[in-house]
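Visitor: Quick one: the structure is below, and I'll ask about it shortly.
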Amino acid sequence: MRITLLCLSLLMAAPAFAVQPDEVLADPALEARAREMSKLLRCPVCQGETIDESNAPISRDLRLYVRERLVAGDTDAQAIDAVTDRFGEFVLFEPPKRGMNWLLWLAGPIMALLGVLIGWHFLRGRARAEGSAEALSQSEKDEIDRIMRE
């Protein structure tokens, strides 16, 4: 039982070990920069994972490419720009706020506001409908009572 639990826990932790030992740079400062940058880039295959977490071969290639750029002397911004030039803005978890990307950035807040407005309109209409039942005349109430008795 303990062996099974140990194996399961190791399998669940497997994505944490996506960066292979042969990818790690000798300079700890450069490696730390590479790891931070890898958390900003999306795996083109997995889409929901960073290249730091992904075991996909393309993620390994991207991690190696980022490290090559850093060893060549690029700044973080230059390395990110090089990856973006090569693979497009899709690989960025946070695309820049310009052009059509504004639609992506504003879609969430606009939808939330739209949801609040629709809810408010629905509740307001419901309150009106409840209020209209109380506004029956005495003859209408008598008619309803007569129908209910039949």
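The values are calculated or read from the model by the stated rules, or taken from the named source; none is laboratory data. Just so you know, these numbers come straight off a predicted model, no measurement behind them. Ideal geometry is used to build each Cβ from the backbone, glycine not excepted, and the neighbour counts take in all protein chains shown. Side chains are part of the model used for accessible areas, which takes the heavy atoms of the whole protein and leaves out ligands, DNA and RNA. Shrake-Rupley method; radii C 1.70, N 1.55, O 1.52, S 1.80 Å.
Visitor: What FRET efficiency comes out for L113 versus I58 if R0 is 41 angstrom and r is the Cβ-Cβ distance? Round to the nearest 0.05.
Guide: Values: r = 37 Å, r/R0 = 0.91.
For R0 = 41 Å, the calculated efficiency reads 0.65.
Visitor: Right, something else. Using a 1.4 angstrom probe on the protein heavy atoms only, line up E68, E31, E49 by accessible area, largest first.
Guide: E68, E49, E31
Visitor: Accessible area of M111, 1.4 Å probe, to the nearest 10 Å²?
Guide: Roll a 1.4 Å probe over it and M111 shows about 120 Å².
Visitor: While we're looking at this one, here's another question. Leaving out ligands, DNA and RNA, and with a 1.4 Å probe, what % of the accessible surface on the range 54-150 is carbon or sulfur?
Guide: Here carbon and sulfur together make up 63 percent of the probe-accessible area.
Visitor: Then there's this: How large is the accessible surface of R60 in square angstrom, using a 1.4 angstrom probe and rounding to the nearest 10?
Guide: Surface accessible to solvent at R60 totals approximately 70 Å².
Visitor: At 1.4 Å probe size, put L114, L41 in order of accessible surface, largest to smallest. Write out the running numbers ahead of the final one.
Guide: Values: L114 85, L41 0 Å².
From most accessible down to least: L114, L41.
Visitor: Calculate, for K97 and D74, the FRET efficiency according to 1/(1 + (r/R0)^6) with r their C-beta to C-beta distance and R0 25 Å; round to the nearest 0.05.
Guide: 0.60
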